[in-house]
Amino acid sequence: MKKIFFLCIFTMVSSYSFSCDPVSLDWDKFHKRYDLNKNRTFELKEFLKVKDFDPLPWPDDKRFQGKDRNIKLFIYLDKNKDNKLIDEELGDIHSLLPNPCANWPSR
């Protein structure tokens with residue numbers, strides 16, 4: 001009986017501690033859709049076609065809204081200013097999106 005009790009407690013604790021897994025950008029899908037020249041980087045002409053970061057939305061930040069939002073976001077993400085985005089630079093998009101686990105109780 002004690003074993004069943006501990007197993008139940010362990011299951012509840014482990015499911016609680018892994019309940020909030022933030023969604024991440026689907027890199028393969030993003031590359032297939034937007035990396036038109038298949039060089040594993042994104043130039044501005046490719047990035048101009050980006051509508052969202054499926055399954056993630058476009059950032060709500062006011063700096064990246066309006067008609068030239070893609071250009072502004074591209075310039076912001078291009079940290080080394082080489083006019084192309086590699087995955088590491090594009091990954092910084094997560095810092096502009098709300099954290100779905102922000103209000104989740106800590107372990």
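Read the figures in this text as sums done on the coordinates, not as results from a lab. From a predicted model like this one, the values you see are computed outputs, not experimental measurements. Ideal geometry is used to build each Cβ from the backbone, glycine not excepted, and the neighbour counts take in all protein chains shown.
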Worksheet entry | Pairwise FRET efficiency - K62 versus A102, Cβ, R0 = 25 Å, nearest 0.05 | 0.80
Item to complete: Mark the label point 7 Å from the Cα of R40 along Cα→Cβ and return the residues of the range 46-81 whose backbone N is within less than 13 Å of it.
Response: none
Worksheet item: Tell me which lysines have Cα within less than 22 Å of K38's Cα, excluding those fewer than 8 residues away on the same chain?
Response: K29, K49, K51, K79, K81, K84
Fill in: Two-site label geometry, K81 and K49: point separation in nm, points 7 Å out along Cα→Cβ
2.9 nm
Practice prompt. Let me have the relative contact order for the range 24-96, percent, based on Cα pairs under 8 Å that are six or more residues apart.
Written response: 31 percent
Response to the item:
Taking placed amide H atoms and a strict 5 Å upper bound, the residues 5 or more places from E43 or on another chain that come that close are L85
Worksheet, complete the sentence: Under Stokes-Einstein, the range 24-96 at 25 °C and 0.890 mPa s, with its Kirkwood radius over C-alpha pairs, diffuses with a coefficient in µm²/s of 200 µm²/s
